[in-house]
Amino acid sequence: MSTKSNFERFQLKPFIIEALNDQRFSLPTEIQERLIPAIISGKDVIGQSQTGSGKTLAFLIPILERIDVAKEEVQAVITAPTRELAAQIFSELEKILQFNKSEDEIDISANLIVGGTDRLKTIGKLKTQPHIVVGTPGRVLDMVEEQALKVYTSQIFVVDEADQMLDMGFIEEVDKIASRMGEELQMLVFSATIPEKLQPFLKKYMNNPRHVQVDPQQ
Ligand code: ADP
Ligand code: MG
């Protein structure tokens with residue numbers, strides 16, 4: 001018999017459990033098992049594991065758990081290095097949010113903010129601030145500088161695929177977005193590798209982070 005616990009141990013909101021059941025995700029992956037409680041408790045984390053190990057849900061589940069729907073303001077910003085990766089994260093988020101409908105008067109809202117789309121439309125959809133933003137650093141920073149997106153209310157910032165962010169030269173933009181957020185920001189950094197060149201950024205923004213590294217199964 002498996003000694004691994006299922007997702008219910010984390011005492012998640014019922015709609016999250018429903019969404020996970022719908023996708024037949026009954027057991028957390030190792031990185032999820034180790035990171036979900038730490039992120040829910042508010043810790044800064046560095047999650048390092050191979051591609052396909054479930055890092056997306058490791059941050060989406062705690063973020064959804066921590067959103068206060070009563071506040072009409074941005075509470076989490078998630079950045080990924082490419083439009084495709086941002087769109088994938090957004091699609092995983094939407095799969096869960098489907099189950100949030102009609103449970104409360106107000107649902108959790110999320111926007112995808114990426115380049116290569118109509119800029120004015122992006123500004124238009126930000127007339128109401130979403131609870132969660134998923135996007136690429138360039139367009140997110142553009143919206144912040146335009147004052148269309150108000151990230152100073154956000155308590156959570158996710159940098160996904162941090163090694164790719166570095167390779168693609170996006171760390172400066174990510175840094176600028178982070179600098180617009182509050183002092184109490186919870187930083188969540190995910191990557192397959194943590195290159196030495198990432199250290200200055202990690203040192204600048206992370207406060208006693210929990211570094212969880214999961215090695216590939218032999
Ligand atoms: P990573 O970001 O680490 O590369 P992803 O978060 O993209 O990995 O997850 C890889 C795949 O595993 C996705 O298709 C996702 O839906 C699936 N997955 C995530 N968590 C679980 C789970 N607990 N059980 C089964 N499949 C999962
Ligand atoms: Mg990923």
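The values are calculated or read from the model by the stated rules, or taken from the named source; none is laboratory data. Predicted, not measured: the structure shown is a model, and the values here were computed from it. With ideal geometry, Cβ positions are generated from the backbone for all residues, glycine too; neighbour counts draw on all protein chains shown.
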The stretch 23-35 residues that are in contact (Cβ under 8 Å) with a residue 12 or more places away in the chain, paired with ones that are in a loop (DSSP other than H, G, I, E, B) and within 6 Å of ligand 1 (Cβ to nearest atom) (beta carbon under 8 Å, 6 or more apart): Pro28/Gly54; Thr29/Ser53; Thr29/Gly54; Glu30/Ser53; Ile31/Ser53; Ile31/Gly54; Gln32/Gly54
Matching residues in the stretch 23-42 (surrounded by fewer than 18 Cβ atoms within 10 Å (Cβ to Cβ), touching a strand residue (DSSP E or B) at 6+ places or on another chain (Cβ under 7 Å) and at negative phi) number 1
How many residues, within the stretch 24-78, are within 16 Å of ligand 2 (Cβ to nearest atom) and in a loop (DSSP other than H, G, I, E, B)? 8
Ser49 vs (1) touching a residue at least 60 places away in the same chain (Cβ under 8 Å); (2) buried (at least 18 other Cβ atoms within 10 Å of the Cβ); (3) more than 16 Å from ligand 1 (Cβ to nearest atom); (4) not hydrophobic (A, V, I, L, M, F, W, C): all pass except (3)
What number of residues within the stretch 152-174 satisfy the criterion of being crowded, with 17+ Cβ neighbours inside 10 Å, outside any loop (DSSP other than H, G, I, E, B) and more than 14 Å from the chain's Cα centre (by Cα)? 5
Give Val159, Val174 a once-over and let me know the one that is under 21 Å from Thr29 (Cβ atoms), modelled with pLDDT of 95 or more, aliphatic (A, V, I, L, M) and in contact with a strand residue (DSSP E or B) (Cβ under 7 Å, 6 or more places away or on another chain). Val159
From the list Ile113, Ile123, Ile132, Ile78, exactly one residue is within 12 Å of the chain's Cα centre (by Cα), closer than 25 Å to Met168 by Cβ and away from ligand 1 (no atom under 15 Å from the Cβ). Which is it? Ile132
Consider Glu73 against the criteria (1) at pLDDT 95 or above; (2) within 16 Å of ligand 1 (Cβ to nearest atom); (3) surrounded by fewer than 20 Cβ atoms within 10 Å (Cβ to Cβ): it satisfies all of them except one. Which criterion is unmet? (2)
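Results for (1) β-branched (Val, Ile, Thr); (2) closer than 17 Å to Thr193 by Cα, shown as yes or no for each residue.
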{"site": "Ser26", "(1), (2)": "no, no"}
{"site": "Glu33", "(1), (2)": "no, no"}
{"site": "Ile36", "(1), (2)": "yes, no"}
{"site": "Val45", "(1), (2)": "yes, yes"}
{"site": "Ser53", "(1), (2)": "no, yes"}
{"site": "Ile61", "(1), (2)": "yes, no"}
{"site": "Asp68", "(1), (2)": "no, no"}
Tell me, yes or no, whether the stretch 85-100 has at least one residue that is more than 16 Å from ligand 2 (Cβ to nearest atom), modelled with pLDDT under 95, in a loop (DSSP other than H, G, I, E, B) and more than 17 Å from the chain's Cα centre (by Cα). no
